[in-house]
Amino acid sequence: MLKLHFAPNSRAGRIVWLLEELELSYEINKMRFHPEDLKSEGHRKRHPLGRVPVLEDDGRIIWESGAIVEYILERHKKGGLKPEPMDETFPEYLQWFHYCEGMVMPPVNTIVVQTVLLPPERRDETALAQAKKLLTRALAPVDVALQGKDYLIGCFSAADIMLGHSCFMSNRLGCVPEEMRSLKKYVNNLASRPAFDKAINMQ
């Protein structure tokens, strides 16, 4: 049985989304997004930095959301969500799968730190403004790539779970301008998926 260690409003939502899309059975350990839970001695035995998501599978422990997604697709997939290596969409799939953590999530992390995690007296408005600008800039190529398409490579794939989750969060943060119409439509497409709705609303 797969067991997911989860906290709301985190990358762990990606894994719930994937598990639901694949209709896999899993157990979930819900924790608060708070040091008392994440930095506890018990959780640090699972993740040395006390973070989520963490997946347990028959005694194996794996963390990092992208690694967990790839692990599930290879070990437990039911129908894929990933093109074959020789498929013409495979390079594009890889590009967008990794684009989220390389380009989109770094400024998202800064925004969350500056607006949620730090106390008001320690927040830096200059750093926040710069992060918002960088995030909107990083989303521009995604908007272009989505023109005329419902999903990143045409059909729904695990790249949408990785980058799509980041796009949804970026929109929540107010960093997807109205002129990015394709990206706005994409976020709405994702939000209409029952598996996504369950993952993003799990508390």
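Is it true that some residue in region 158-175 is part of a helix (DSSP H, G or I), of a type in the set (G, A, S) and either without any contact (Cβ under 8 Å) to a residue 60 or more places away in the chain or over 30 Å from G80 (Cβ atoms) (or both)? Please lay out each step first, then the result.
Of all residues in region 158-175, those part of a helix (DSSP H, G or I) come to 158-172.
Those still in the list that are of a type in the set (G, A, S) too: 158-159, 164, 166, 170.
Subset that is either without any contact (Cβ under 8 Å) to a residue 60 or more places away in the chain or over 30 Å from G80 (Cβ atoms) (or both): 164.
Scanning region 158-175, I find at least one residue that is part of a helix (DSSP H, G or I), of a type in the set (G, A, S) and either without any contact (Cβ under 8 Å) to a residue 60 or more places away in the chain or over 30 Å from G80 (Cβ atoms) (or both), so the answer is yes.
At pLDDT 95 or above and either among the charged types (D, E, K, R) or under 30 Å from L24 (Cβ atoms) (or both), is that true of Q203?
Details: at pLDDT 95 or above: no; either among the charged types (D, E, K, R) or under 30 Å from L24 (Cβ atoms) (or both): yes.
No.
If you check L49 against the conditions, is it farther than 23 Å from L152 by Cα and either aliphatic (A, V, I, L, M) or surrounded by fewer than 20 Cβ atoms within 10 Å (Cβ to Cβ) (or both)? Steps first, please.
Numbers: farther than 23 Å from L152 by Cα: yes; either aliphatic (A, V, I, L, M) or surrounded by fewer than 20 Cβ atoms within 10 Å (Cβ to Cβ) (or both): yes.
Answer is yes for this residue.
Just to be sure, is E178 part of a loop (DSSP other than H, G, I, E, B), without any contact (Cβ under 8 Å) to a residue 12 or more places away in the chain and loosely packed, with under 13 Cβ neighbours inside 10 Å? Before you say what the answer is, go through the steps one by one.
Working: part of a loop (DSSP other than H, G, I, E, B): yes; without any contact (Cβ under 8 Å) to a residue 12 or more places away in the chain: yes; loosely packed, with under 13 Cβ neighbours inside 10 Å: yes.
Yes: the conditions hold for E178.
I'd like the full set of residues that are within 26 Å of T136 (Cα to Cα), touching a residue at least 12 places away in the same chain (Cβ under 8 Å) and not small (G, A, S), limited to region 54-93.
Within region 54-93, V69, T89, E92, Y93 qualify.
Would you confirm whether any residue within region 147-170 is surrounded by 20 or more Cβ atoms within 10 Å (Cβ to Cβ) and over 23 Å from E64 (Cβ atoms)?
No: region 147-170 contains no residue that is surrounded by 20 or more Cβ atoms within 10 Å (Cβ to Cβ) and over 23 Å from E64 (Cβ atoms).
How many residues does region 175-198 contain that are of a type in the set (A, V, I, L, M) and either within 21 Å of P106 (Cα to Cα) or assigned by TED's automatic domain parsing to the domain that holds I15 (or both)? Lay out the reasoning, then the answer.
Here is the first cut: in region 175-198, the ones of a type in the set (A, V, I, L, M) are 176, 180, 183, 187, 190-191, 195.
Of the ones still in play, those that are also either within 21 Å of P106 (Cα to Cα) or assigned by TED's automatic domain parsing to the domain that holds I15 (or both) are 176, 180, 183, 187.
So the count comes out to 4.
Checking E121 against (1) surrounded by 14 or more Cβ atoms within 10 Å (Cβ to Cβ); (2) over 22 Å from L2 (Cα atoms): exactly one of these is not met. Which one?
Checking E121 against (1) surrounded by 14 or more Cβ atoms within 10 Å (Cβ to Cβ); (2) over 22 Å from L2 (Cα atoms), the one that fails is (1).
Could you list, ordered by first residue, the pairs with Cβ atoms under 8 Å in which the first is in region 183-195 and under 13 Å from L152 (Cβ atoms) and the second is modelled with pLDDT under 95, at least 6 apart or interchain?
Filtered contacts from region 183-195: no entries.
Which residues, taken from region 118-147, are out of contact with any helix residue (DSSP H, G or I) (no Cβ under 8 Å at 6 or more places or on another chain) and part of a loop (DSSP other than H, G, I, E, B)?
Answer for region 118-147, where residues must be out of contact with any helix residue (DSSP H, G or I) (no Cβ under 8 Å at 6 or more places or on another chain) and part of a loop (DSSP other than H, G, I, E, B): L118, P119.
Give the residues of region 36-76 that are of a type outside the set (G, A, S), within 14 Å of W17 (Cα to Cα) and out of contact with any Ser or Thr (no Cβ under 6 Å at 6 or more places or on another chain), sorted by residue number. Before you say what the answer is, go through the steps one by one.
Step one: of region 36-76, the residues of a type outside the set (G, A, S) are 36-39, 41, 43-49, 51-58, 60-64, 68-76.
From the residues that got through so far, the ones that are within 14 Å of W17 (Cα to Cα) too are 53, 55, 68-70, 72-73.
Answer for region 36-76, where residues must be of a type outside the set (G, A, S), within 14 Å of W17 (Cα to Cα) and out of contact with any Ser or Thr (no Cβ under 6 Å at 6 or more places or on another chain): L55, I68, V69, E70, I72, L73.
From the list E36, E84, E88, E21, exactly one residue is under 19 Å from M1 (Cα atoms) and either at pLDDT 95 or above or exposed (fewer than 15 other Cβ atoms within 10 Å of the Cβ) (or both). Which is it? Walk me through it before giving the result.
Numbers: E36 fails: under 19 Å from M1 (Cα atoms); E84 fails: under 19 Å from M1 (Cα atoms); E88 fails: under 19 Å from M1 (Cα atoms).
Criteria check complete, one pass: E21.
The values are calculated or read from the model by the stated rules, or taken from the named source; none is laboratory data. Since the structure is predicted, the reported quantities are computational estimates derived from the model, not experimental observations. Cβ: placed from backbone, ideal geometry, glycine included. Neighbour counts: every protein chain shown.
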